[in-house]
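S.K.: Handing you a structure now.
Derivation of every value follows stated rules applied to the coordinates shown; laboratory data play no part. Keep in mind the model is a prediction, meaning the values are calculated, not measured. Virtual Cβ from ideal backbone geometry, glycine too; neighbours counted across all protein chains shown.
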Amino acid sequence: MDFFSSLLKKTVLVNMKVLIIGSGGREHALAWKLSKSSLVEKLFIAPGNPGTAEVGKNVAIPAEDIEGLKEFAKKEGIGLTIVGPELPLTLGIVDSFTREGLRAFGPTKRAAELEGSKVFSKDLMLKHNIPTAHYKKFDNPDFARSYIDTHNPPFVVKADGLAAGKGVVICHTREEAYTAVDLIMKQKAFGVAGKRIIVEEFLTGEEASFLAITDGKTVVPLAPAQDHKAIFDGDKGPNTGGMGAYSPTPVITPELEAEIMKTVMIPTVKAMELEGRPYKGVLYAGLMISGGKPKVLEFNCRFGDPETQPILMRLEDDLLELLMAAIEGRLQGVRLKWSEKAAVCVVMSSRGYPGEYLKGTEIHGLKEAAKLDNVVVFHAGTALKAGKVVTSGGRVLGVTALGDGIQEAIERAYEAAGKISWEGAYYRRDIGKKALK
Ligand code: AMP
Ligand code: GLY
């Protein structure tokens, strides 16, 4: 990282205690990376998982218990809190910590609206000329129906608020679109998150995840990544939180990266400032790339999961220094150093996910997999039961490998995944394949 790190260390970065909030694969990756920082004195993860317990100390406080987390941070003298999931951000955890004089990395409640409300983010993009799909917003299902009646499918119907990744319905016919509107607005499948909806144009192309760290003025891009949202090979089946990811992505060339910075990332941070909602933290744009041009599908106000796993395996700089520079408005001139290697993360899930699945099944082979060079097995939905690691969620592990090129990283990640087993383990066999075309 090119910046005045000596100055930095002298001022604040000695012996810092760090708290990470969350319990997924993303949080294990953050904890793994921070555990390598000489600037971190002690690392806590709330609530964490058995993987984070190997690199830090888990604290049994739920990610949404803002008061409890604040009390813990005060009592322990935490120097920096890093918020993993969107929910505490949209509930205002950063505002609450800041009021108490505690440092927390992430956007304020008003800035996190960028993810918390699709109506807000679409209106912002329209107003500030940030490329995105054409859309209409509705707070009345009858008006949404009339709109669908007078336009041609396909449509994409989206609940306004947070819906745990399930609030987007791709509709190939008018019938499907009516059903989606009813599901969200009449049956209230996502509660108040569905009081308003967006009906938007269906975009085609290749998806990519573009993440950046910002201090509210300067935007520092992270290495681009690609997620695999669908449960089955060939992007078939229902969408999940993400079944695997890789970095770098051939679809994002250096020219396209410059274009994304110029037309999406920098204008969005500027727009948020103009709207009186200065944005600090991770800005994650889910993009559709078509004809070499990006359009924004959605913004997230946090690190992606599983994108963070391959991204952080390639980051050569100290993550604590980077996040502190963002909090303190010192990102100007920062350029990050990335490993030349490629990284691939294969998510192992419980059979049945994203629907119903069993929990509590013992996982075998974790040690054998971790012994492989350049492999890290990140935990997500795991738990300890009588000293054994068992499944406890839909996405269970993120088996991540570095290799000389995507092909080698793919082979290594699958070799490691092949050593891990449990009754009902499932994973896609084509993670990273798109990058080989
Ligand atoms: P979102 O939560 O808005 O990113 O949507 C979840 C997924 O739905 C995206 O990753 C895309 O695969 C798909 N999607 C969302 N919006 C559109 C769109 N306008 N056109 C095509 N696919 C979309
Ligand atoms: N991988 C998708 C997300 O983090 O939202």
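S.K.: What 222 nm value per residue comes from the helices of the chain, counting each DSSP H run with n ≥ 4 as -39,500 (n - 2.57) and dividing by all residues, nearest 500 deg cm²/dmol? Don't skip to the answer; put the middle values down first.
M.R.: Details: 15 runs with 121 residues, N = 437.
Helix contribution divided over all residues of the chain: -7500 deg cm²/dmol.
S.K.: For the range 58-163, which GluC sites (Glu not before Pro) pass both filters: DSSP loop (anything but H, G, I, E, B) and at most 16 other C-beta atoms within 10 Å? Numbers along the way, then the final one.
M.R.: Values: sites: E64, E67, E71, E76, E86, E100, E113, E115; in loops: E64, E100.
Qualifying residues, ordered by number: E64, E100.
S.K.: Same structure again: What is the local net charge at V375, summed over the other residues whose Cβ is closer than 15 Å to its Cβ (Lys, Arg +1; Asp, Glu -1)?
M.R.: On the way: positive: R314, K341, K367, K371, R412, K419; negative: E54, E368, D373, D404, E408, E411, E415.
Once all neighbours under 15 Å are counted, the net charge is -1.
S.K.: In sequence order, what are the phi-derived ³J(HN,Hα) couplings for the range 291-299 according to the Karplus relation 6.51 cos²θ - 1.76 cosθ + 1.60 with θ = phi - 60°, rounded to whole Hz, with x for glycine and proline?
M.R.: Result, rounded to whole Hz: x, x, 10, x, 10, 7, 7, 6, 10.
S.K.: Tell me which trypsin sites (Lys or Arg not before Pro) from the range 252-350 have a DSSP coil assignment and no more than 16 other beta carbons within 10 Å of their own.
M.R.: Counting only loop positions with at most 16 other Cβ atoms within 10 Å, the trypsin sites (Lys or Arg not before Pro) in the range 252-350 are R335, K337.
S.K.: Return a whole-number percent for the relative contact order of the chain, with Cα pairs under 8 Å and 6 or more residues apart as the contact set.
M.R.: Result for the chain is 16 percent.
S.K.: What's the local net charge at S23, with K and R +1, D and E -1, over the other residues with C-beta under 13 Å away?
M.R.: On the way: positive: R26, R395; negative: E27, E64, D65, D305.
Around S23, the charge tally is -2.
S.K.: Give me Rg/Rg_expected for the range 303-379, where Rg uses Cα atoms only and Rg_expected = 2.2 N^0.38 Å with N residues. Spell out each step's value before the answer.
M.R.: Values: Rg = 17.0 Å, N = 77, 2.2 N^0.38 = 11.5 Å.
In units of the globular-protein estimate, the range 303-379 measures up at 1.49.
S.K.: Follow-up. What list of ³J(HN,Hα) values in whole Hz, one per residue of the range 216-231 in order, does the Karplus curve 6.51 cos²θ - 1.76 cosθ + 1.60 (θ = phi - 60°) give from phi, with Gly and Pro shown as x?
M.R.: For the range 216-231, the Karplus-derived couplings read x, 10, 8, 10, 10, x, 8, 5, x, 9, 10, 9, 10, 6, 6, 6 Hz, x marking Gly and Pro.
S.K.: Something else now. What order, most packed first, do the peptides 365-374, 284-293 have when packing is the mean number of other Cβ atoms within 10 Å of each residue? Show your work: numbers first, answer last.
M.R.: Values: 365-374: 14.4, 284-293: 17.2.
In decreasing order of mean packing, 365-374, 284-293 become 284-293, 365-374.
S.K.: Net charge around G398, counting only other residues with Cβ within less than 13 Å of its Cβ (Lys, Arg = +1; Asp, Glu = -1)?
M.R.: On the way: positive: R26, R395, R428; negative: E27, D227, D305, E307.
Net charge around G398: -1.
S.K.: Shifting gears a bit: What ranking do 174-185, 128-139, 145-156 get when scored by the average of other Cβ atoms within 10 Å per residue, highest first? Display every interim value, and only then the final one.
M.R.: On the way: 174-185: 19.2, 128-139: 16.5, 145-156: 15.0.
Packing proxy ranking, top to bottom: 174-185, 128-139, 145-156.
S.K.: Mind running the shape call on the chain? Use the C-alpha gyration tensor, a ≥ b ≥ c as the square roots of the eigenvalues: rounded below 1.5 for a/c, prolate if a/b tops b/c, oblate otherwise.
M.R.: Details: a/c = 1.41, a/b = 1.18, b/c = 1.20.
Rounded is the answer for the chain, as its axis ratio a/c remains below 1.5.
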